[in-house]
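Below is one structure, written out as structure tokens; the observations come after it.
The values are calculated or read from the model by the stated rules, or taken from the named source; none is laboratory data. Small disclaimer: the values here were computed from a predicted structure and weren't measured. Here the Cβ positions follow ideal geometry from the backbone for every residue, glycine too, while neighbour counts run over all protein chains shown. Areas reflect the complete protein model, heavy atoms only, side chains present, ligands, DNA and RNA absent. Shrake-Rupley method; radii C 1.70, N 1.55, O 1.52, S 1.80 Å.
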Amino acid sequence: MAEPTPLTAQDRLDVINLIASYAAYLDTADLDGYVDNFAPGGVIEHSAGRCEGQAEIRAWVGGLLGARRPGDTISPYRHVLGIPLIEGDGERCSARTYVLIPQQRDGELTLPMVLTYVDSCVKLDGRWRFAKRIIQPGLVSAARRSETAR
Amino acid sequence: MAEPMSAQDRLDVMDVLGRYPFCLDSPNVEGLAEVFAPDAVLEGIGGSFAGLEAIFGWAHGLIAGGRVGADPPQLVHFVGLPFIEGDAERCSARTYSVILTYDEAKQITVPLVGSYEDAFVKKDGRWRIQKRIIRGDLGRAPSRD
């Protein structure tokens, strides 16, 4: 079996862009863009469960985007990313990235969550996509914990 | 005269900067060997540390405080986008760092916004920090309890 090619500068920039676009699609409620970032059999593991395949991912994220409160004209959240740590080769790589998730509600700006994205990425037909994203809990405020427990 | 800094060099320097917070927060102290040169100097808020062993000791001291590297996490080092200048052998980088932790009510708070002033050197094809100065710009370092 042929050795995989090394991860090039172009590959790394493409993976950085993939990670950045995830946040942009989520914050602008671009569901098609969000889902298309995942490989056809892509997986998301999150605090409430697991989605496998683009149809399940679409249903889960569509539910999150539809859960905005009446009057929310834009997402009350922003996903602010740190520097990704990327390791792998020209076909597959892993990445770890911190994300701050500030929230604005009723005029108040808070920081309810600081999470880590742990990604497995794969290059399919020359394009990097997520094979798996684990949304790993980091810091979660008490207010957010009680909100999700309800 | 050294070659200009390539895109690959810049990404490699960013990779080192991105590795540092995970080494402290995971924690993976020995992973700092992929961040600092063997004879690196770290000038932190708590003093100056020369050589990898001293830097490992500094990191273990932070972790012993109970917040850094705790499971579940109690503190995160969030690193911003670096400003990198130099050539293919040496460069400098300036990077903001936001320290996040819990307050007494278990809400997330920002006790410190600092910056890293780094001197990088490439040895055997690998970029490492030769000298890091950690500055506290806004706020103050969280207590170790």
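General observations
- Total residues in segment B:1-33, condition of a type in the set (Asp, Glu) and either without any contact (Cβ under 8 Å) to a residue 12 or more places away in the chain or within 7 Å of chain A (Cβ to nearest Cβ) (or both): 1
- Output for segment A:32-50, where each listed residue is modelled with pLDDT under 95 and assigned to a loop (DSSP other than H, G, I, E, B): A:Ser47, A:Ala48
- The residues of segment A:137-146 that are within 9 Å of another protein chain (Cβ to nearest Cβ) and either open to solvent by 40 Å² or more (accessible area, probe 1.4 Å) or touching a residue at least 60 places away in the same chain (Cβ under 8 Å) (or both), listed by number, are A:Pro137, A:Ala143, A:Arg144, A:Arg145.
- Considering residues of segment A:81-130 that are at the interface with chain B (Cβ under 9 Å from one of its Cβ atoms) and surrounded by fewer than 17 Cβ atoms within 10 Å (Cβ to Cβ) only, the residue modelled with the highest pLDDT: A:Glu87
- Complete set of residues in segment B:27-54 that are modelled with pLDDT under 95, part of a loop (DSSP other than H, G, I, E, B) and not β-branched (Val, Ile, Thr): B:Gly46
- From the options A:Asp36, A:Asp32, residue that is farther than 22 Å from A:Leu111 by Cα, open to solvent by 60 Å² or more (accessible area, probe 1.4 Å) and under 13 Å from the mean Cα position of the chain (by Cα): A:Asp36
- The condition of being assigned to a strand (DSSP E or B), among the aromatic types (Phe, Trp, Tyr) and either open to solvent by 30 Å² or more (accessible area, probe 1.4 Å) or within 22 Å of A:Gln136 (Cα to Cα) (or both) does not hold for A:Tyr25.
- Here A:Ser75 meets each of (1) open to solvent by less than 40 Å² (accessible area, probe 1.4 Å); (2) within 14 Å of another protein chain (Cβ to nearest Cβ); (3) of a type in the set (Ser, Thr, Tyr) with one exception, condition (2).
- Test for A:Val35: is it β-branched (Val, Ile, Thr), within 14 Å of another protein chain (Cβ to nearest Cβ) and in contact (Cβ under 8 Å) with a residue 12 or more places away in the chain: no
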